[in-house]
Amino acid sequence: MATEAERALEAILMVADEAVPPHLLAQILEISPARVEELCAELSASYAAEDRGFLLARIGGGYRFQSH
């Protein structure tokens with residue numbers, strides 16, 4: 001079951017038109033940049049394990065969704 005922070009992170013990244021830096025995600029979510037990195041790693045691994053049609057990629061110092 002996804003946490004509130006995971007759902008919020010997904011929602012932000014879903015509507016972003018370019019990669020969002022971890023420090024900005026941390027400010028928006030009011031959590032530490034280290035926690036953002038942890039959440040992104042967990043979400044990325046979860047999507048890969050479920051063989052989704054999209055993935056969470058780290059691009060140019062930020063995170064974004066892209067097709068698999």
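How much of the pair distance distribution for the chain lies past 14 Å, counting alpha-carbon pairs only, in percent? Before the final figure, lay out the partial values.
Working: 1235 of 2278 pairs.
Counting every Cα pair in the chain, those more than 14 Å apart make up 54 percent.
Could you run the Karplus curve 6.51 cos²θ - 1.76 cosθ + 1.60 with θ = phi - 60° over segment 9-23 and give me ³J(HN,Hα) per residue in whole Hz, x for Gly and Pro?
4, 4, 4, 5, 5, 5, 9, 6, 8, 8, 4, 10, x, x, 5
Whenever you get a sec, compute what percent of the accessible area on segment 1-49 sits on carbon and sulfur atoms (1.4 Å probe).
Numbers: 1760 of 3050 Å².
Answer for segment 1-49: carbon and sulfur cover 58 percent of the accessible area.
How far, in degrees from 0 to 90, does helix 33-49 lean away from the longest principal axis of the Cα atoms of the chain, to the nearest 10?
10 degrees
Roll a 1.4 Å probe over the protein chains and send me the accessible area per residue for the chain in Å². Could the numbers behind the result be given before it?
Values: 4330 Å² over 68 residues.
Per-residue value: 64 Å².
Hey, got the dipole for the chain? About the Cα centre, +1 on K and R Cβ, -1 on D and E Cβ, debye to the nearest 20?
Details: 5 positive and 11 negative charges, 27 e Å.
Using only the charged Cβ atoms, the result is roughly 140 debye.
The values are calculated or read from the model by the stated rules, or taken from the named source; none is laboratory data. As the structure is a prediction and not an experimental result, all values here were calculated from the model. When we count neighbours, we look across all protein chains shown, and the Cβ atoms used for this are built from the backbone with ideal geometry, even at glycine. Remember, those area values only see protein heavy atoms, side chains included, never the ligands or the DNA or RNA. Shrake-Rupley method; radii C 1.70, N 1.55, O 1.52, S 1.80 Å.
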